[in-house]
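The values are calculated or read from the model by the stated rules, or taken from the named source; none is laboratory data. Worth saying up front: this structure is predicted, and the values here are computed from it rather than measured. Glycine gets a Cβ as well: all are built from the backbone with ideal geometry, and neighbour counts include every protein chain shown.
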Amino acid sequence: MKQLPYWRLSGFYFAYFGFVGAFSPFWGLYLKSLAFTAFQIATLMSLFQIARIFAPGVWGWVADHTGQRVRLIQLLAGLSLVSYVGVFFGESFGWLFAVMITLSFFWSASLPLIEVVTMGHLGDKFGRYGHIRMWGSVGFILAVVGLGYLVEHTTIKSLLWVILGLLVGVFSCSINLPEPKLLKPHTEHRSLATIMRQPQVIALMAACFSMAAAHGVYYTFYSIYLVDHAYTAAQVGWLWGVGVMCEILIFIYMPRLTAKFGLRNIMLASLLLAFVRFIIIGWAIDFWMLILLAQTLHAATFGTYHATAVALTHHYFKGKHQSKGQGLYTSVSYGLGGTFGAMMSGFCWESLGPSWTFTLSACCAMLGFVLFACMMPKHGAISNQVHSA
């Protein structure tokens, strides 16, 4: 059996989520420094989510029909880097809109494709997924905490150069990725539409949409909310970092959790804890101990949620539909759900206020909990058995 390219896959996740750790917490602060309104900031931040509606499907189709997933990842990483350079040539709303929508079109498909490549290399050893994916969390932590101190001692514009370096790192890590040999199981003959009509798949997509929508305000305004309440840039970085540190622990213990509780129960717990987390953030922003507690819940609202969603998607979309399946998960959740959440927050932030905006996001998570509980059959998910490494 071919040896698992553990460090090459881990390196890509490290660089990829290093970019996310720099962009998600601090890009909104950069846009605010350019004197954009809350609605303009929400619009620009939502472009990555909008691109996720259609870009993963387009590139997933190309990947499944060519079989050249790694080559496509390399191409997209290179085009993302070239697109991003445009931020150094203008600061107007229109110019940044054009740069960010172009960047997001190429960037948005990289994660679902690398998930397919990773799953292909793992085969039946899904238990090792968390051990690889946790390096993405490490990259995120180093980026977000390091930038917190850097921005505090320099200016927010130093962010632009850090992101450039991280995108160079993503492209460099993509060069040595090996192409996996994907199996073609007997279910491959089914059409994509047939798979999507399954009640289990509908339940999964409903939950994913709701969870991503719940996070829309978090990824758009959380850092701004903290700074407006006298948190320093370094403290902002550490709060984001604490959440991802807890996420790492979850990725390590995910095989045990899955074997004990099952993926259906883990998804329900993740959605319920998301409701609790955003209520706390919305109404207890001045109590740093409660905000710290809320950040530890990131282990559930992203860690267990994402690992469960990827596993279920990989289970239902097999063979020639693997890339399209992961692309659909990204499109429905981070695309449609993330766009809805970000735009909702843009409309509500100044009219209803931050506390009620976070309350609405919490209600999105609760809606997902109800839908998944009612629509996902108790025996319709993957069994509790998880293959060990």
task = Please work out which residue is surrounded by the most Cβ atoms within 10 Å (Cβ to Cβ), limiting yourself to the range 122-150 and to residues that are in a helix (DSSP H, G or I) and out of contact with any Phe, Trp or Tyr (no Cβ under 9 Å at 6 or more places or on another chain).
result = Phe126
message = Just the residues that are buried (at least 17 other Cβ atoms within 10 Å of the Cβ), assigned to a helix (DSSP H, G or I) and either modelled with pLDDT under 95 or in contact with a Cys (Cβ under 8 Å, 6 or more places away or on another chain) (or both), please, taken from the range 151-164.
response = Val151
key: Complete set of residues in the range 155-176 that are of a type in the set (Ser, Thr, Tyr) and touching a Lys or Arg at 6+ places or on another chain (Cβ under 9 Å)   = none
note = Counted residues in the range 269-289 being in contact (Cβ under 8 Å) with a residue 40 or more places away in the chain and outside any helix (DSSP H, G or I) come to 2
request  = Sort through Ala299, Ala362, Ala307 and tell me the only one that's within 20 Å of the chain's Cα centre (by Cα), under 24 Å from Arg264 (Cβ atoms), modelled with pLDDT of 95 or more and of a type in the set (Gly, Ala, Ser).
outcome  = Ala362
inquiry  = Would you confirm whether or not the range 4-12 contains a residue that is in contact with a Gly (Cβ under 9 Å, 6 or more places away or on another chain), more than 18 Å from Met100 (Cβ to Cβ) and crowded, with 24+ Cβ neighbours inside 10 Å?
reply    = yes
query = Which one is surrounded by the most Cβ atoms within 10 Å (Cβ to Cβ) among residues in the range 51-96 that are within 16 Å of Leu328 (Cβ to Cβ), among the aliphatic types (A, V, I, L, M) and in contact (Cβ under 8 Å) with a residue 24 or more places away in the chain?
reply = Ala63
task = Residues being of a type outside the set (A, V, I, L, M, F, W, C) and closer than 20 Å to Ile101 by Cβ: count how many of those fall in the range 13-31.
result = 4
inquiry  = Checking the condition modelled with pLDDT of 95 or more, under 27 Å from Ile53 (Cα atoms), among the aromatic types (Phe, Trp, Tyr) and out of contact with any Cys (no Cβ under 7 Å at 6 or more places or on another chain), which residue from Phe209, Phe287, Phe221 passes?
reply    = Phe209
remark   = Across (1) surrounded by 19 or more Cβ atoms within 10 Å (Cβ to Cβ); (2) in contact with a Ser or Thr (Cβ under 9 Å, 6 or more places away or on another chain); (3) at pLDDT 90 or above, Ala294 clears everything bar (2)
ask   = Which residues, taken from the range 351-373, are more than 22 Å from Leu312 (Cβ to Cβ), surrounded by fewer than 22 Cβ atoms within 10 Å (Cβ to Cβ) and among the β-branched types (Val, Ile, Thr)?
value = Thr359
remark   = In the set Ile266, Ile252, the lone residue that is assigned to a helix (DSSP H, G or I), closer than 22 Å to Ala203 by Cβ and not hydroxyl-bearing (Ser, Thr, Tyr) is Ile266
request  = Please enumerate the residues belonging to the range 299-318 that are buried (at least 24 other Cβ atoms within 10 Å of the Cβ), of a type in the set (Phe, Trp, Tyr) and over 14 Å from Met196 (Cβ atoms).
outcome  = Tyr305
task = Only one of these is closer than 21 Å to Cys208 by Cβ and within 17 Å of the chain's Cα centre (by Cα): Tyr316, Tyr334. Name it.
result = Tyr334
request  = Collect the residues in the range 30-50 that are crowded, with 19+ Cβ neighbours inside 10 Å and in contact (Cβ under 8 Å) with a residue 60 or more places away in the chain, keeping them in residue-number order.
outcome  = Tyr30, Leu31, Lys32, Ala38, Ile41, Ala42, Thr43, Met45, Ser46, Phe48, Gln49, Ile50
request  = Could you look through the range 319-350, keep only residues that are charged (D, E, K, R) and within 25 Å of Thr118 (Cα to Cα), and pick out the one that is surrounded by the most Cβ atoms within 10 Å (Cβ to Cβ)?
outcome  = Lys324
